[in-house]
Amino acid sequence: MSLTGTPFLCTLVVLSVAALVVPLVLWSRIRGPRVLRAAARALMLLFAQGTAVALVFTLVNNANNLYDNWADLLGTGDHVQQAADLGADGTGGISLKRLPKVRQTFAPATGPGMGAAGGVRVTQLKGRVSGVNAEVYVWLPPQYGEPAYRHRRFPVVELLPGYPGSAKAWFGSLHAHEQLEPLMRDGQVAPFILVAPRTNLLAGVDTGCANIPGTVDADTWLSVDVPKMVMDNFRAQSAPRGWAVAGYSAGAHCAARLAIAHPDRYRAAVSMSGYNDPIGERDSLTAQNPTLRAANNPYLMLRRAPVPPRIALYLSGQPHDGYEAAVAMAQIAKAPTTVHVVYIPKSAGGHNMALWRPQVVPAFRWLTEEMGARVTAGRAAPPRSPSTAGATPAELASGTASRAGAVRRR
């Protein structure tokens, strides 16, 4: 049975109920030697505790899309077929324009929330350059199938989850497509194609979305193979003008890193609760030695760039959870790089889906303004810490809480 499937969840519910009923019925009816009776009762208690823990874990996993399947959970999944040294640009000298078109077959994606707002589709992609073989989820905006838009190409946002995390998380947990679909219909948000590729490529480690010869070419998978597949199969705008990347937690780190590394592939990036130093995720391959850490630190990458990249960055965070990293980026940004910092107060909640879910709409409103617009100089100054003023957690997390009566904390 699938780890995230309804049959497995229902089975656990039935077993959990049985684990409560059986001791009530049999506790005093067990016969035999005292040692055997004690052992039988201990087994019943262990079974009850085990099923309860398994049920709670499954509910949490389904709500947060941490592990997509048994291989991810058990650490046996490996989606890397080869990891050649592809050089600084991640192409290995291959002329991407000369590669044959990638024609993919898509099927309706299964799982909680995947059928909402027109439905998410999935395909298994074999990356010709990266050597990665993994699934990619795609959601098309409501205008995509309308006759009036049949000749129009649409902007794309590549969505990256945290670690551990499933590519489904943006749809199943953050409900990005459900939140954005009505706003796209009303013209409040641009009709973006949403693309969520697998980022958990190796068992038990976070790739840091980087190319590490001999181990993984995650950067190339995300910034070369996946975009080529999307542009070959859908009416997607070309890079970099029509492409952005967004992520939360470890995915936020990746989003900023990819945009800074490849301004020729991405115009903008959204980073929610991200970090600069790869050591922010201790299971990251890029945190294993000082050279890799420095080479994959977005702050250092931006500061050392020979020419400031023409990108726009949306960085949100709480104190000690992304905010300081965002401010540091804003302080070193030089035109044409722009950085928009969103301060999220501690009262909005912790490092979880409930914090990031309300940020989806404000982030995409920002993307709507930035995509295709001429990037100009600008940077965000650290804001004063506002009073919550009776704001709801969703308003606090999205940065839309009223600042009426805001006071400076001492």
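Round to the nearest 0.05 the FRET efficiency obtained for residue 188 and residue 8 when R0 = 45 Å and r is the Cβ-Cβ distance. List each step's numbers first, then the result.
Numbers: r = 39 Å, r/R0 = 0.86.
So, using R0 = 45 Å, E works out to roughly 0.70.
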Exercise for review: Compute the acute angle (0 to 90°) between the alpha-carbon long axis of helix 6-26 and the principal axis of greatest extent of the alpha-carbon atoms of the chain; round to the nearest 10°.
Suggested key: 30 degrees
Exercise for review: Taking amide H positions as placed in the peptide plane 1.01 Å from N, state which residues far from residue 342 in sequence (5 or more) or on other chains have amide H under 5 Å from it.
Suggested key: 315, 316, 317
Exercise for review: Report, by chain and number, residues whose modeled amide H sits under 5 Å from the one on residue 399, excluding near sequence neighbours (fewer than 5 apart, same chain).
Suggested key: none
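Would you work out if the chain is rounded, prolate or oblate? Take a ≥ b ≥ c from the square roots of the eigenvalues of the alpha-carbon gyration tensor; rounded if a/c is under 1.5, else prolate when a/b is larger than b/c, oblate otherwise.
Values: a/c = 1.72, a/b = 1.46, b/c = 1.18.
Note, shape of the chain comes out prolate.
If you count only protein heavy atoms with a 1.4 Å probe, what accessible area per residue comes out for the chain, rounded to a whole Å²? Walk me through the intermediate numbers first.
On the way: 18520 Å² over 410 residues.
For the chain, the solvent-accessible area averages 45 Å² per residue.
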Point to revise | Cross-link reach list, lysines versus residue 168, counting only Cα pairs under 20 Å and skipping chain neighbours closer than eight places | key: 126
Review point. At 222 nm, what helix-only mean residue ellipticity would the chain give, in deg cm²/dmol to the nearest 500, using -39500 (n - 2.57) for each DSSP H run of four or more?
Key: -10000 deg cm²/dmol
Check your understanding: So how tilted is helix 34-64 from the main axis of the chain? Cα-based, degrees 0 to 90, rounded to 10.
Key -> 20 degrees
Exercise for review: Would you work out the relative contact order for region 30-127, in percent, from Cα pairs under 8 angstrom that are 6 or more residues apart?
Suggested key: 13 percent
Practice item. Can you list which of the chymotrypsin sites (Phe, Trp or Tyr not before Pro) found in region 212-298 are DSSP loop residues with at most 13 other C-beta atoms within 10 Å? Key: none
Practice item. Take the solvent-accessible surface of the protein heavy atoms, probe 1.4 Å, and return the percent of it on the chain that carbon and sulfur atoms account for. Key: 57 percent
**Study point:** Loop sites in region 100-205: trypsin sites (Lys or Arg not before Pro), DSSP, at most 11 other Cβ within 10 Å
**Key:** 101, 103, 150
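With both bridge residues required to lie in the chain, what share of the DSSP beta bridges run antiparallel, to the nearest 5%? Working shown, then result.
Numbers: 16 of 44 bridges.
Just about 35 percent of them are antiparallel.
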**Study point:** Electrostatic dipole magnitude of region 253-311 [Cβ: Lys, Arg +1; Asp, Glu -1; Cα centre; debye, to 20]
**Key:** 220 debye
Point to revise | Low-density loop cleavage sites - trypsin sites (Lys or Arg not before Pro) in region 267-297, where at most 16 other Cβ are within 10 Å (DSSP) | key: 282
Review point. Which angle from 0 to 90°, rounded to the nearest 10, does the C-alpha axis of helix 250-261 make with the longest principal axis of the chain?
Key: 20 degrees
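Give, rounded to the nearest 20 debye, the magnitude of the charge dipole that the chain has about its Cα centre when Lys and Arg contribute +1 at Cβ and Asp and Glu contribute -1 at Cβ. List each step's numbers first, then the result.
Details: 40 positive and 25 negative charges, 91 e Å.
Dipole magnitude for the chain comes out near 440 debye.
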Check your understanding: In whole Å, how far is the Cα centre of region 1-56 from that of region 245-298?
Key -> 44 Å
Study note, to complete from the structure: Non-local residues with an amide H under 5 Å from the amide H of residue 206, with H modelled 1.01 Å from N and Pro and chain starts lacking one, are 284, 285
Study note, to complete from the structure: Diffing region 327-339: the Karplus 3J(HN,Hα) column from phi (6.51, -1.76, 1.60, θ = phi - 60°), in whole Hz with x for Gly and Pro, holds 4, 4, 5, 5, 6, 9, 5, 10, 4, x, 5, 10, 10
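The values are calculated or read from the model by the stated rules, or taken from the named source; none is laboratory data. Since we're looking at a predicted model, the values are computed, not measured. For neighbour counting, all protein chains shown are included, and Cβ atoms are generated from backbone atoms with ideal geometry for every residue, glycine included. Just so you know, the surface numbers come from the protein's heavy atoms only, side chains and all, with ligands and any DNA or RNA stripped out. Shrake-Rupley method; radii C 1.70, N 1.55, O 1.52, S 1.80 Å.
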